[in-house]
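The values are calculated or read from the model by the stated rules, or taken from the named source; none is laboratory data. What you see is a predicted model, and the numbers here were worked out from it, not measured in a lab. Glycine also receives a Cβ, built like all others from the backbone with ideal geometry; neighbour counts cover every protein chain displayed.
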Amino acid sequence: MNIRYVGDSALLVEVQDFRAAQRLRESIGRQPPNGIRELLPGYDTLLVEFDPLQLDAAELLQRLPEFMQDLRSAAAVHTHEIEVRYQGEDLEDVARLTGLDRAEVIRRHSAANYTVAFLGFAPGFPYLAGLDARLRVPRLQSPRARVPAGAVAIADEFSGIYPQATPGGWRILGHTKVVLFDAARASPALCMPGDHVCFRPVS
Amino acid sequence: MITVIEPGRFTSIQDEGRGGFAHLGVPRAGAADSLSLRHANLLVGNPQGAAALEMTLHGPTLRFAVDALIALTGGRMQVYLDDVPLPMYQSVSVCAGQVLACGPLLTGMRGYLAVGGGISTAQLLASAATDTLAGLGPPVLRAGDCLTLRPHSLLQGRYLRSPPEFSEQVTLRVITGPHQEWFPATALGSFLDGCYRVRADSDRSGIRLAGATVVERNPGELPSQGMLTGAVQVPGDGQPIVLLPNHGTTGGYPVIAVVISADLPQLGQLRPGVLLRFQAVNREQALQALRYAAENLRTASVCADPGLLEARGLMLLAKAHPALREACLQLGRRRVRLRR
């Protein structure tokens, strides 16, 4: 476990993978020291942001091994089956880049079982791990000015779903009507880290 | 109630932001210059983090339907109440029916208007903050909008002990790292020696910089990881971006340094064209600076009787309105003499 100081108000804890990052988040969250502002998991890190007037970084650093001892996961895991109309703007390009035909791209994308690695980019945007290795394609050279809400897209080793219309550089395979983020819900983000996601093609 | 006659360039409602939801991908948002927000609220007797108006480069024109106690802080601008110049950095009573016209900012990037009692808006994820990038909170002000005010009791006037000064040349203190291995050995030195101009395409998510020399870095990107306000990211083109409160929660560009907490409010006042330098300090120095800033905030606002407020106001008006300088100074001096 490597830990880096980030400015005067955060530690970046490097862990094995997103599962470990999520479990460390839960572990610290069970008995958070006073002054913690954010526990923000990434692909293989947990950013621990704190108020330096309330919490001494050295003290936090000392307590981290104790938190690392308790990496059980108590969070409920949900499975989301998400209906997708596979008529995305970049389907043809992805087929060309991967050397597969359109039907095979759709088959492989909808056959995989995904795990929500972490949320980022926009409220409720899930980074979904588990993409078929043959579907790994780079982002667009130049991002689109507007990707519509519900766009199901891929980039590098991830699939993702745009919760709202934003600029974006991922390649769009299809669209869903599912509402991924609603601040008025008790749990605003539909997909939480650790949840399972699968896509079902609809016409 | 307040009616918006002219919305200004980009006027939004801001408070301390929606902290604690970053793991859902929700940016913190909130005031870009949190210190000026706190100053404005202190002057009208509100909790420091109460919702206020954040104005960008050019302020709004507003009609008050009720009596109110207001205060304007942040970058210096010319402000008029029914065509009479109004001082910033102190509380001012506004009567029902009066029109407050905020002009262009002469210094800094953002001004703040707090109203005694606070602006009443729906809370979304524990904050009233406008976040146009994530699409959360109220939209930016438009002509015809009505703002509802919370009830308040008019209290004694207050003024700011030392109004802020915003310069065209700014040095921000940073702690280097955390991704030092992404940069060749000479890059950090040249980054700290370099001088950067704030670009016009900066916004509430980040300040984009243009330097004479690019910051050299290794190719590629990091796996996505948590980011925080003040992080100085270096994208592939070597032109740094300093993150502001509306930044995306995760990112993949390596971070060469992070602005210390005590200097974060200054980020919100960097206007396009400002020349920026970075100075490395250690964590102990950063903490000392933050303690000093907290102590300053504790004693920032001072109670004053109406006579003293008027005298101070005239002195400030002399600064903001060169044409009125002599008249203001004379009146101000007479006020001060009368008080003695």
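Applying the condition of being surrounded by fewer than 21 Cβ atoms within 10 Å (Cβ to Cβ), part of a loop (DSSP other than H, G, I, E, B) and more than 14 Å from chain A (Cβ to nearest Cβ) to segment B:1-44 and asking which residue is farthest from the chain's Cα centre (by Cα) yields B:M1. Against the conditions (1) farther than 21 Å from A:R4 by Cα; (2) within 14 Å of chain A (Cβ to nearest Cβ); (3) within 19 Å of the chain's Cα centre (by Cα); (4) not charged (D, E, K, R), B:G236 satisfies every one except (3).
Out of B:V174, B:V170, one residue alone is touching a Lys or Arg at 6+ places or on another chain (Cβ under 9 Å) and β-branched (V, I, T). It is B:V170.
Of the strands (runs of 3 or more DSSP E) lying entirely inside segment A:124-203, the ones with 3 or more residues being more than 17 Å from B:H23 (Cβ to Cβ), at pLDDT below 95 and out of contact with any helix residue (DSSP H, G or I) (no Cβ under 6 Å at 6 or more places or on another chain) are found at A:144-147, A:166-168.
Condition check ((1) small (G, A, S); (2) in contact (Cβ under 8 Å) with a residue 12 or more places away in the chain; (3) buried (at least 17 other Cβ atoms within 10 Å of the Cβ)) across all residues:
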position	(1), (2), (3)
B:L172	no, yes, yes
B:L188	no, yes, yes
B:R199	no, yes, no
B:R204	no, yes, yes
B:A212	yes, yes, no
B:N218	no, yes, no
B:G238	yes, yes, no
B:V259	no, yes, yes
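Of the residues that make up segment B:292-309, is at least one within 18 Å of B:T171 (Cβ to Cβ) and out of contact with any strand residue (DSSP E or B) (no Cβ under 7 Å at 6 or more places or on another chain)? Scanning segment B:292-309, I find at least one residue that is within 18 Å of B:T171 (Cβ to Cβ) and out of contact with any strand residue (DSSP E or B) (no Cβ under 7 Å at 6 or more places or on another chain), so the answer is yes. Of the strands (runs of 3 or more DSSP E) lying entirely inside segment A:1-101, not one is found with 1 or more residues being away from every other protein chain (no Cβ under 14 Å) and free of Cβ contacts under 8 Å to residues at least 40 places away in the same chain.
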